[in-house]
1. Test of understanding: among B:T53, B:T10, B:T62, which residue is at pLDDT below 90 and of a type in the set (S, T, N, Q)?
2. Among what's in the range A:113-137 and is in contact (Cβ under 8 Å) with a residue 60 or more places away in the chain and surrounded by 13 or more Cβ atoms within 10 Å (Cβ to Cβ), pick the residue that is nearest to A:H95 (Cα to Cα).
3. Kindly evaluate B:I71 against the criterion of being free of Cβ contacts under 8 Å to residues at least 40 places away in the same chain and either within 15 Å of the chain's Cα centre (by Cα) or under 29 Å from A:I59 (Cα atoms) (or both).
4. Quick one: which of B:T53, B:T10 is more than 21 Å from A:P41 (Cα to Cα) and of a type outside the set (A, V, I, L, M)?
5. Of the conditions (1) hydrophobic (A, V, I, L, M, F, W, C); (2) closer than 21 Å to B:I17 by Cβ; (3) crowded, with 20+ Cβ neighbours inside 10 Å; (4) more than 8 Å from chain B (Cβ to nearest Cβ), A:L20 satisfies every one except a single condition; which number is it?
6. With respect to the numbered conditions (1) within 11 Å of chain B (Cβ to nearest Cβ); (2) in a helix (DSSP H, G or I), which one is the sole condition not fulfilled by A:C56?
7. Which residues, taken from the range A:29-79, are surrounded by fewer than 21 Cβ atoms within 10 Å (Cβ to Cβ), touching a strand residue (DSSP E or B) at 6+ places or on another chain (Cβ under 7 Å) and small (G, A, S)?
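The values are calculated or read from the model by the stated rules, or taken from the named source; none is laboratory data. The model shown is predicted, which means the values in this text are computed figures rather than measured ones. Cβ placement follows ideal geometry from the backbone for every residue including glycine, while neighbour counts extend to all protein chains displayed.
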Amino acid sequence: MFKRQVLIECIAALLIMLFLYASLSKFLDFETFTGEMNNQPLPNSWTPFLVWFIPCSEIAICLALMIERTRLLGFYASLVLMGLFTIYTCIILFHFFSYVPCSCGGVIKRLTWKQHLVFNLFFVALAICGITLQRRKFYDSLFITNQKNSLV
Amino acid sequence: MNKIKCLIMTLAILLSIGGAFATRPHFDCRTDVQYYFAGGAYNPAGKIGVNYTCQSSTSVCTYTYNGVSYIACQQGSWLQIPGVTEKTDKK
C-alpha cells in the first residue's frame, strides 16, 4: 500500500515536471513558440488558439495531478494530451504532410522526431501506469470503507 | 506519507521551474529579420509559417544580417509556402 502510494507520487511528479517545464518554456519564449507553431503543417488560423490552449491545458493538468481528489482526472488528461502528441509525431514520421517541420519546445526541441516518439511513448506508458494504480487505490479504499461499514 | 508527498511534489515543481528558466534562450536570432540564400544572394524570407517553412534537415534554413555579414540562424532547408500573397494579404 505504502509502496504503491510512493509510486503514484513519483509518476505524478514526473508528469508534473514534464508539463510544467514544457508550459513555462513556451510562455518564457512566447514569440518563438508562436513562430514554431506557424512552422507546423497545420492551418495558421489554428495558431492563435493553439499557442494558448496547449500551455494552459498543460498547467491545468499539473494542478489536477497535484490535488489528490482530481489526480485520476489528471492522469486521464495526461494520457489524452500525450496520446495526441504521439499521434501527431507518428503522422509527421509517416510523411503524411508535405514537409517535415523542425520539432519544438525548450530543450526537447533538440530531439529528432524518432526520439520524440520514444519520449512521448514513455510518458504515455507512465500515464497508463498512473491510471491503473490510482484506480486500484480507489477501489481498495472503497472496499475497506465497505468492510468497516458492515462491521458497524 | 504526507512529508514524502510534499517533498516529491516540491522537488518536481522546483526542478521544472528552475529548468525552464535555466534553458530559456537569452538571445534569439529568430526575432531579427530573416534572410534565405538563393541564386547567390540573400533575400528577405518573410514570416515563418506564413511566407516560408524550415524543413527538418542539417543545412541552414535562414540567416540574419548583423550589418557586416550574414549569420546562420535557423537550421533546416528553406521552403516557400505556395500562395504567399493571398495568405499575407489576409493577415
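1. Details: B:T10 fails: at pLDDT below 90; B:T62 fails: at pLDDT below 90.
Just one listed residue meets the conditions, B:T53.
2. Taking the range A:113-137 and keeping what is in contact (Cβ under 8 Å) with a residue 60 or more places away in the chain, we get A:123, A:126-127, A:129-130, A:133-137.
Filter again for surrounded by 13 or more Cβ atoms within 10 Å (Cβ to Cβ), leaving A:123, A:126-127, A:129-130, A:133-134, A:137.
Numbers: A:F123: 23, A:L126: 27, A:A127: 27, A:C129: 31, A:G130: 32, A:L133: 36, A:Q134: 37, A:K137: 42 Å.
Across the range A:113-137, the extreme among qualifying residues is A:F123.
3. Details: free of Cβ contacts under 8 Å to residues at least 40 places away in the same chain: no; either within 15 Å of the chain's Cα centre (by Cα) or under 29 Å from A:I59 (Cα atoms) (or both): yes.
No; evaluated as a whole, the condition is false for this residue.
4. On the way: B:T53 fails: more than 21 Å from A:P41 (Cα to Cα).
Within the list B:T53, B:T10, the selection yields B:T10.
5. Result: A:L20 passes all but (4).
6. Checking A:C56 against (1) within 11 Å of chain B (Cβ to nearest Cβ); (2) in a helix (DSSP H, G or I), the one that fails is (1).
7. None; the set is empty.
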